[in-house]
Amino acid sequence: MAWGANEEGQYDAPLPNTDFIAIAAGWGHVLGLKNDGSIRAWGGTNYYGQCTVPSPNTGFTAIAAGKNHSLGLKGEQGEPVEPNDCLYYLAGDLNDDCKVNFFDFAILAGSWMSNNGDLKWNSICDISEPKDSIINWKDLAVLCESWLIDCNTDPLDPACI
Ligand SMILES: [Ca+2]
Ligand SMILES: [Ca+2]
């Protein structure tokens, strides 16, 4: 079911319009995650390819949409997860694989704008200083400060010490 503005065809979910387990809305486009792990995308002008799901379009477990971009999480709990041998605390590394990338972003997005006690609440995402029992831009800012730092390949990065 959809309501509100439809200038970009946001209502026009491709048929068969069934078996969706999650949806995400961008500016003019919409993502739907199906129970078979594939993503459908519709609406918008697709100038940026936000509706073109990379292949193989399988194995997705979560989705998120920005204004003109889309995100899909594959595997469970941000797999692949490498053995946790981090000897340091890398702010923003939410899945303990010693680097900060889209897997961590997806975990943060999963509890976005939740408060302690909400269904979506995930305490590991409260990385703001100080912790404030809400997941918002302050936590995203901390993650962004370490964005794409990989302590496996660059252990001398100041963030990895
Ligand atoms: Ca990580
Ligand atoms: Ca916070």
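A compact table of results
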| item | result |
| --- | --- |
| Qualifying residue in region 48-70 (condition: of a type in the set (Ser, Thr, Tyr), modelled with pLDDT of 85 or more, out of contact with any Lys or Arg (no Cβ under 6 Å at 6 or more places or on another chain) and surrounded by 20 or more Cβ atoms within 10 Å (Cβ to Cβ)) | yes |
| Region 141-156 - residue that is among the aliphatic types (A, V, I, L, M) and over 14 Å from residue 101 (Cβ atoms) and, of those, modelled with the lowest pLDDT | 156 |
| Selection status of residue 94, at pLDDT below 95 and either within 16 Å of ligand 2 (Cβ to nearest atom) or within 13 Å of the chain's Cα centre (by Cα) (or both) | yes |
| All positions within region 97-122 that are polar (S, T, N, Q) and under 16 Å from the mean Cα position of the chain (by Cα) | 101, 111, 114, 122 |
| Single unsatisfied condition, residue 109 versus (1) away from ligand 1 (no atom under 11 Å from the Cβ); (2) part of a loop (DSSP other than H, G, I, E, B) | (2) |
| Flag if residue 19 is of a type in the set (Asp, Glu), over 23 Å from residue 135 (Cα atoms), within 16 Å of ligand 1 (Cβ to nearest atom) and at pLDDT below 90 | no |
| Selection from region 120-143 of residues that are in a helix (DSSP H, G or I) and either surrounded by fewer than 15 Cβ atoms within 10 Å (Cβ to Cβ) or not assigned by TED's automatic domain parsing to the domain that holds residue 109 (or both) | 123, 124, 137, 141 |
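The values are calculated or read from the model by the stated rules, or taken from the named source; none is laboratory data. None of these values were measured; they are calculated from a predicted model. Note: ideal-geometry Cβ built from the backbone for every residue, glycine included; neighbour counts use all protein chains shown.
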